[in-house]
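**Student:** To start, I am sharing the structure in question, which I have written as structure tokens.
The values are calculated or read from the model by the stated rules, or taken from the named source; none is laboratory data. Nothing here was measured: the structure is a model prediction, and the numbers come from that model. Positions of Cβ are generated from backbone atoms using ideal geometry, with glycine treated the same way; all protein chains shown enter the neighbour counts.
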Amino acid sequence: MKKVIITVAAALIIVVAAVSFKNVYSCEMPIKNRGIHDAIESGDLDILFIGSSTFRANIDMPIMDEAFDGRVYDISYGGNQLVATAIQYDEIKRRSGHDYGMMVFELGPMMLTQEVALSDSRVIWDLTWEGKKALWKSMYDAGNTDFPMMYEYFVTSGMDDLITFPVTEPFYSTRYYKGAKTDETESPGRDVLDGEEFDISDKALIQAQADAVADIIQKCRRDGQKFIFLESPCYYRLQEDPTFIKYREEYIKILDENNASYILATDVDFDSRDPDLFEDMNHMSAKGRRVYTTELIRVLESLSP
């Protein structure tokens, strides 16, 4: 019986230690080619992108590297939210002493309709304990912090990454380069893209996400940080959807009210009707991201003084 008690106690100590380590020190793990830690380790940057999987799929980092002498990085998370982006900005400014010539935030119209919730466990992994608490508070204020979510957020989320790190890290580090995808994703073809069903008509504005846009702008101005918002092109069916247009206009209204600069999808020479350039409605194929990145560079370079 004594051995059983000792074994159980030892197991509990190990679990508590692992959970504590994950919550406090996960942000210091030497993750390569993705995340806040690696972005900071990259030193001074001319351009730092902060967005969702749209940026991750649509920006070709080798082409960006060539244009900006390697001084560029992309911090992207699946379903990244504007509330979380504001916290990620705080993390970078608090932890990094480097200079960032320009921060490029995602102008994603449907980001305004996302519930304040846990969209990507990688977000938690990359945050310090202070950042984790800030994101949790945002979720709490939105009423999305029941006990199962608390258990996932603080205990299970990212634990697999911690346990398998020596094995999975070399694999993941080749799938991304400076935060962007490296795979050779091909288009599924016009028939698939034109036949894919989607319905976003029931989406509603989440005020916390709209407020986060203004918050990001205010923080950048407070810090003297140059910034711009960027809308990536979507396949024309989504780009021309009435609900999508409605929230694009809402997003632009917030930016205009705060005198913030932005680049719309139509400001970059890119054919949103060419199915060969897309993997799905809002992610580009490998061909698409190369075409788009080349044209986006022209626009970004035109902004330089």
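**Student:** Please pick out the residue among Gly158, Gly143 that is free of Cβ contacts under 8 Å to residues at least 12 places away in the same chain and of a type in the set (Gly, Ala, Ser).
**Tutor:** Values: Gly158 fails: free of Cβ contacts under 8 Å to residues at least 12 places away in the same chain.
After applying the criteria, what remains is Gly143.
**Student:** Right, another one. Please name all residue pairs, on different chains or six or more residues apart, with Cβ atoms under 8 Å, provided the first residue is in the stretch 217-234 and is at negative phi and the second residue is acidic (Asp, Glu) and at pLDDT 95 or above.
**Tutor:** Lys219/Asp90; Phe229/Glu106; Leu230/Glu106; Glu231/Glu106; Ser232/Glu106
**Student:** Could you grab me the full set of residues in the stretch 79-99 that are over 9 Å from the mean Cα position of the chain (by Cα), of a type in the set (Ser, Thr, Tyr) and buried (at least 22 other Cβ atoms within 10 Å of the Cβ)?
**Tutor:** Passing the criteria: only Tyr89.
**Student:** Looking at Phe244, Phe229, can you tell me which residue is in contact with a strand residue (DSSP E or B) (Cβ under 7 Å, 6 or more places away or on another chain), among the aromatic types (Phe, Trp, Tyr) and not in a loop (DSSP other than H, G, I, E, B)? Let's see the steps before the verdict.
**Tutor:** Details: Phe244 fails: in contact with a strand residue (DSSP E or B) (Cβ under 7 Å, 6 or more places away or on another chain).
That would be Phe229, the only listed residue that is in contact with a strand residue (DSSP E or B) (Cβ under 7 Å, 6 or more places away or on another chain), among the aromatic types (Phe, Trp, Tyr) and not in a loop (DSSP other than H, G, I, E, B).
**Student:** Something else now. Given the structure, is Glu249 within 22 Å of the chain's Cα centre (by Cα), part of a helix (DSSP H, G or I) and of a type outside the set (Phe, Trp, Tyr)?
**Tutor:** Working: within 22 Å of the chain's Cα centre (by Cα): yes; part of a helix (DSSP H, G or I): yes; of a type outside the set (Phe, Trp, Tyr): yes.
Yes; evaluated as a whole, the condition is true for this residue.
**Student:** So, one more: If you scan the stretch 124-143, which residues turn out to be of a type outside the set (A, V, I, L, M) and under 20 Å from the mean Cα position of the chain (by Cα)? Even if it seems obvious, please write down each step before you answer.
**Tutor:** Taking the stretch 124-143 as the starting set, the residues that turn out to be of a type outside the set (A, V, I, L, M) are 125-126, 128-133, 136-138, 140-141, 143.
Result: Trp125, Asp126, Thr128, Trp129, Glu130, Gly131, Lys132, Lys133, Trp136, Lys137, Ser138.
**Student:** Test Gly97 against the stated conditions and say whether it is assigned to a strand (DSSP E or B), small (Gly, Ala, Ser) and out of contact with any helix residue (DSSP H, G or I) (no Cβ under 7 Å at 6 or more places or on another chain). Break it down stepwise before answering.
**Tutor:** Details: assigned to a strand (DSSP E or B): no; small (Gly, Ala, Ser): yes; out of contact with any helix residue (DSSP H, G or I) (no Cβ under 7 Å at 6 or more places or on another chain): yes.
In short, no.
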